[in-house]
Each structure stands twice: as C-alpha cells, then as structure tokens.
Amino acid sequence: MNDVINAFELDLLRKDFSGKVAVDDVSLAVPRGSFFGLVGPNGAGKTTALSMAVGLLRPTSGTARVLGIDVWTEPIRAKEALGVLPDGLALPERLTGAELLDYWGLLRGLDRAVIKARTAELLRILELEEAEDLGTIVMEYSTGMRKKIGLATALLHSPKVLVLDEPYEAVDPVSGRVLTKILRRFVAAGGTVIMSSHVMSLVEQLCDRVAIIARGQVAADGTLDEVRAGGSLEDRFVALVGERELAGEELSWLGS
C-alpha cells in the first residue's frame, strides 16, 4: 500500500461551461518538495484547472487535494496549507500594501505582532517599502507591484504549498531574481510550488517537474527531462500543441 501523500493532486477534474469542456478529466500528482511547472497555450485550461484546484471555481466533477485534504469538502483545512496567487487577483484598492497585509493576516487568524513583523519583511524584500512610505494605495500600483503584493498575501501565513498563476508576468528582471530566490528557498525548506507560465525558458530554469496541458487535457507529465524527451521544452511543447503556420499571402501587406 502506498502511504505517500502528495503535496497537490487533481483527480479527474472536469469543468463544463454551458456544454463547452474547458478542463477534461485532468489528473496530476505533485510530490512534496517539487517545483512544478504547468504550461499550455492560451485557452488550454491551465487557469481554470488551477482555480478549481484551490477552491476558487467549483468543478463539474472530480476532486482536488492539498496534502491529502480535499479542497471542496474541507476547504478551511486545505486553504490553511495553501498560498495562492490567482490570475487577475482582485485586491482591496484603497488600502496601502501594509494595510492590505494587515487585513489579510487578520482574515487568516494571525497574531497582530506576527502580521506586523512579516509585513515589514515582505515589503522590504519585495521592494514595496518606498510605495508604503509615500502612502501609495493599491489602486495606484503598477501591474508589477500588484503582482508582488499579491505574492506577499500568498506568503504571509507561511503556507506549505504555493499555487502561482503567471507569477513573473510584468515583473522586472531585478524583482524577478528576488522572486526566484524566494521560491527556491521555499522549496529548499520543504515547500512545494506549482507555477503556470508561458515562458518555457523560465520553466526549464526553475522547475524539476512539468505538465503540458492542451485542449483541456494533460498532453505530457513527468520530470523536466522526461517531458523534454531529449530536446528543449519549447520544441516538445510545439510538437504536442501544434504549430500555426502562416500562409504566404497572410499579412503580406505588412512592411509594404
């Protein structure tokens, strides 16, 4: 009998939108301590699958578990272990970063002193201190700053599993390096990261396991080397997803 409890499991997860299947019986298992990359073309079902997996979107059928805990039958226990950065995260707009994290920490049931100490550290490391000193509210944040404060909300309660939808999107290279150090330290300490991304080179640089989703189904899943199959991840991705060729006459007016 296998008693190993994975950090993250999707079991025949399915989502229908008015008869259109967005996620088609997806099953994945992410071992503890993994840095897992989820890749796929636009509209492949990545964000829908992750939204169901963390309790933001109810599945048509199937189950999702975090550290063996069913996300939909035991949501409070599951979400205690989860840190989530969803796509298009909606945040309270008229709070500063520190006020937002204070509010978030109280919702999580953290002690006020713990919230204060962790907030100061997160704002400093994520380079949001200056905005805080100026009293900048979230409404006035740039896209990259919003991504960073969203990551801070995911980290604040010290989760065991991080689920991040496009965490590097709109983040400048310097901040990106800081983010990479944070995530690698998290995994080295025993945490698990599940990250979606369109940037194949980034996934190859960071992840030890990868899944490719296409047309709502898992097209490949395994270690990075298993999925790459001797080539690059981008080549394997294109081979599985299909490459769109331009006919000779298409866009012929460009540059004329």
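The values are calculated or read from the model by the stated rules, or taken from the named source; none is laboratory data. These numbers come from a predicted model, not from an experiment. Neighbour counts are summed over all protein chains in view; Cβ atoms, including those assigned to glycine, are modelled from backbone coordinates with ideal geometry. Ligands, DNA and RNA are excluded from the accessible area calculation, which covers all protein heavy atoms including side chains. Shrake-Rupley method; radii C 1.70, N 1.55, O 1.52, S 1.80 Å.
Among what's in segment 47-58 and is open to solvent by 20 Å² or more (accessible area, probe 1.4 Å) and assigned to a loop (DSSP other than H, G, I, E, B), pick the residue that is nearest to Ala154 (Cα to Cα). Residue satisfying both the conditions and the ranking: Leu56. Return the residues of segment 68-86 that are in a helix (DSSP H, G or I) and open to solvent by 40 Å² or more (accessible area, probe 1.4 Å); say none if nothing qualifies. Selection gives Pro75, Ile76, Arg77, Lys79, Glu80. Reported count of residues in segment 122-167, each being open to solvent by 40 Å² or more (accessible area, probe 1.4 Å) and hydroxyl-bearing (Ser, Thr, Tyr), is 3. Quick one: is Gly109 small (Gly, Ala, Ser), closer than 28 Å to Val30 by Cβ, assigned to a loop (DSSP other than H, G, I, E, B) and modelled with pLDDT under 95? For Gly109, the condition - small (Gly, Ala, Ser), closer than 28 Å to Val30 by Cβ, assigned to a loop (DSSP other than H, G, I, E, B) and modelled with pLDDT under 95 - is met.
Total residues in segment 23-46 satisfying the condition of being at pLDDT 90 or above, of a type outside the set (Asp, Glu) and open to solvent by 10 Å² or more (accessible area, probe 1.4 Å): the figure is 6. The residue of segment 205-249 that is surrounded by the fewest Cβ atoms within 10 Å (Cβ to Cβ), among those that are modelled with pLDDT under 90 and of a type in the set (Lys, Arg), is Arg244.
Of all residue pairs spaced 6 or more apart or on separate chains, those with beta-carbon atoms under 9 Å, a first member in segment 28-47 that is charged (D, E, K, R) and a second member that is open to solvent by less than 10 Å² (accessible area, probe 1.4 Å) and in a loop (DSSP other than H, G, I, E, B) are Arg32/Ala7; Arg32/Gly191; Lys46/Gly40.
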